[in-house]
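Taking it in order: structure first as structure tokens, then the write-up.
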Amino acid sequence: MKNSRPIHPDFQMLLDMKNPEVINLFEDLREYILELYPDSNEILYHTHALTAVFSISDKLADAFCMLPIYTNHLNLGFNKGTLLKDTDKLLTGTGTLIRHIDVKKKSDYRNQKVKRLIQEAINFSVKNMTKPTKSKGKTISKIK
């Protein structure tokens, strides 16, 4: 089922400046994540990368994954990647918590192994959420 949540105009304006291949991958991967967890809140940032963060609340601390878009590529990032059960050894990176999967084509994420990892990240975030949230299915722009 196609997601009907539009991309926020602040984000879309910056996204349109990216490589068309990267835009297509971002749009498809975003749709995939929102299909897996439609109640997720999407928190948008523009710092060193244009980033959509997906959270079970309106807090960054409760995020389960993110899509940072760089000049010519994007990643599927996991905010607490080092704490996840990555049985298929999909995650790369050297940070204290964050790990990612390089995204170059749809098959890099549209598969059962990544689907399981995203679900593991969602379950982890739900289990570790400190306070219940009333915020569900919203897009929150932090872009200035």
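The values are calculated or read from the model by the stated rules, or taken from the named source; none is laboratory data. Every value quoted in this text rests on a predicted model; they were computed, and no experiment measured them. Neighbour counts are summed over all protein chains in view; Cβ atoms, including those assigned to glycine, are modelled from backbone coordinates with ideal geometry.
Looking only at segment 7-29, how many residues end up being of a type outside the set (A, V, I, L, M, F, W, C) and touching a residue at least 12 places away in the same chain (Cβ under 8 Å)?
At the first step, the residues of segment 7-29 found to be of a type outside the set (A, V, I, L, M, F, W, C) are 8-10, 12, 16, 18-21, 24, 27-28.
The next check asks that each one be touching a residue at least 12 places away in the same chain (Cβ under 8 Å); those that pass are 8, 10, 18-19, 27-28.
Number of matching residues: 6.
Can PRO68 be described as under 23 Å from ARG116 (Cβ atoms), within 13 Å of the chain's Cα centre (by Cα) and assigned to a loop (DSSP other than H, G, I, E, B)?
For PRO68, the condition - under 23 Å from ARG116 (Cβ atoms), within 13 Å of the chain's Cα centre (by Cα) and assigned to a loop (DSSP other than H, G, I, E, B) - is not met.
Select from segment 59-102 the residues that are of a type in the set (Val, Ile, Thr) and more than 18 Å from LEU36 (Cα to Cα) and write down the one among them that is surrounded by the most Cβ atoms within 10 Å (Cβ to Cβ). Let's see the steps before the verdict.
Of segment 59-102, the ones of a type in the set (Val, Ile, Thr) are 69, 71, 82, 87, 92, 94, 96, 98, 101.
Going one step further and asking which of them are more than 18 Å from LEU36 (Cα to Cα), we end up with 69, 71, 82, 87, 92, 94, 96, 98.
Working: ILE69: 24, THR71: 10, THR82: 14, THR87: 10, THR92: 11, THR94: 7, THR96: 7, ILE98: 17.
Looking at residues that are of a type in the set (Val, Ile, Thr) and more than 18 Å from LEU36 (Cα to Cα), I get ILE69.
So that you can scan it fast, the table gives a plain yes or no per residue for (1) more than 16 Å from the chain's Cα centre (by Cα); (2) over 20 Å from ILE56 (Cβ atoms); (3) in a helix (DSSP H, G or I); (4) of a type in the set (Phe, Trp, Tyr):
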{"position": "LEU90", "(1), (2), (3), (4)": "no, yes, no, no"}
{"position": "LEU97", "(1), (2), (3), (4)": "no, no, no, no"}
{"position": "HIS100", "(1), (2), (3), (4)": "no, no, no, no"}
{"position": "ARG116", "(1), (2), (3), (4)": "no, no, yes, no"}
{"position": "SER125", "(1), (2), (3), (4)": "no, no, yes, no"}
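For the condition at pLDDT 95 or above, touching a helix residue (DSSP H, G or I) at 6+ places or on another chain (Cβ under 7 Å) and farther than 20 Å from GLU31 by Cα, what is the one hit in LEU44, LEU50, LEU83, LEU74?
Unique residue meeting the criteria: LEU83.
So which residues in segment 104-114 are surrounded by 14 or more Cβ atoms within 10 Å (Cβ to Cβ) and part of a loop (DSSP other than H, G, I, E, B), if there are any at all?
Across segment 104-114, the qualifying residue is only TYR109.
Of the residues that sit in segment 30-58 and are among the charged types (D, E, K, R) and in contact (Cβ under 8 Å) with a residue 40 or more places away in the chain, which one is surrounded by the fewest Cβ atoms within 10 Å (Cβ to Cβ)? Walk me through it before giving the result.
First, pick out the residues of segment 30-58 that are among the charged types (D, E, K, R): 30-31, 35, 39, 42, 58.
Adding the requirement that they be in contact (Cβ under 8 Å) with a residue 40 or more places away in the chain leaves 39, 42, 58.
Numbers: ASP39: 12, GLU42: 23, ASP58: 14.
Only one residue tops the list, namely ASP39.
Considering VAL103, VAL114, which residue is at pLDDT 95 or above and farther than 25 Å from ASP16 by Cα?
Working: VAL103 fails: farther than 25 Å from ASP16 by Cα.
Answer to the selection: VAL114.
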